[in-house]
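Report on one structure; see the data block that follows.
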Amino acid sequence: MIEYIGGTVHKLTPTYAIIDNAGIGYCIHISVYTCEQLKQNSKATLLVHEIIREDAHELYGFFDETERAMFRMLLSVSGVGANTARVILSKLSSNEVATAIALGNVQILQAVKGIGGKTAQRIIVDLKDKVTSIANGNQFFDSQGNTLAQEALSALLMLGFAKNSVEKIVQSIVAEQPSVSVEDIVKIALKRL
């Protein structure tokens, strides 16, 4: 297996990059996030996930380990292939995907072209435990957002609101505005209730 490829970025598009390594041009499928980190004709090293099939030998490249880890997690979900996982990571950052999964926010995942309700729910069900356990180590997202959501939820429950309705609203607020304060979460939630 190829772990990474380093060289000069010979060609760069939002969907693939050609990396020239010792005179060999490797076509590597990338996300928009990775594309934004690269510059044409500059040196770069991409972490690689290799997929070998009967009819193709494909390389998927990532600027950092967090994105590659999320890509691999998405591939483990039935019905999510490499291109779908790449599209998800082009629309959402690894942290946004992890947060949507951890909070069970189907709408954020459905906002990605080609992801329907069933696929979004399957991603959440299959990966929620994995993302939550990894989140404890803060690999994917800052646990502060999760702590803020819990504090806001507690405050709203103390005010007498039902847990089910408040929980969904708090989750959507945190997903929409990850850097929002507890006070702002509560204020926005009160307006939506």
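Every number in this text was worked out from the coordinates using simple rules, so none of it is lab data. What you see is a predicted model; the values in this text were computed from it and never measured. Please note: Cβ atoms are built from the backbone with ideal geometry, for glycine as well, and neighbour counts cover all protein chains shown.
Among the residues of the range 3-14, is there at least one that is of a type in the set (Ser, Thr, Tyr), surrounded by fewer than 14 Cβ atoms within 10 Å (Cβ to Cβ) and outside any strand (DSSP E or B)?
Yes, the range 3-14 has at least one match.
Between residues in the range 75-91 that are outside any loop (DSSP other than H, G, I, E, B) and residues that are among the hydroxyl-bearing types (Ser, Thr, Tyr), which pairs lie under 7 Å by C-beta distance while being six or more apart or on different chains?
Close Cβ pairs satisfying both conditions: 82/60; 86/31; 86/60; 89/31; 89/33; 90/31; 90/33.
Only one of (1) out of contact with any Cys (no Cβ under 9 Å at 6 or more places or on another chain); (2) among the small types (Gly, Ala, Ser); (3) more than 23 Å from residue 111 (Cα to Cα) is not met by residue 17, so which one is it?
(1)
Across the range 31-51, what is the number of residues that are among the polar types (S, T, N, Q) and within 16 Å of residue 66 (Cα to Cα)? So that I can check it myself, show each step before the final result.
Residues of the range 31-51 among the polar types (S, T, N, Q): 31, 34, 37, 40-42, 45.
Next, from what is left, pick out any that are within 16 Å of residue 66 (Cα to Cα): 31, 34, 37, 45.
Of the residues in the range 31-51, 4 are among the polar types (S, T, N, Q) and within 16 Å of residue 66 (Cα to Cα).
Quick one: which residue in 180, 174 is under 23 Å from residue 93 (Cα atoms) and not in a helix (DSSP H, G or I)? Walk me through how you get there before you give the answer.
On the way: 174 fails: not in a helix (DSSP H, G or I).
None of the other options fit; the residue is 180.
Scan the range 32-70 for residues that are hydrophobic (A, V, I, L, M, F, W, C), closer than 15 Å to residue 15 by Cα and not in a loop (DSSP other than H, G, I, E, B) and jot them down.
32, 35, 46, 48, 59, 62
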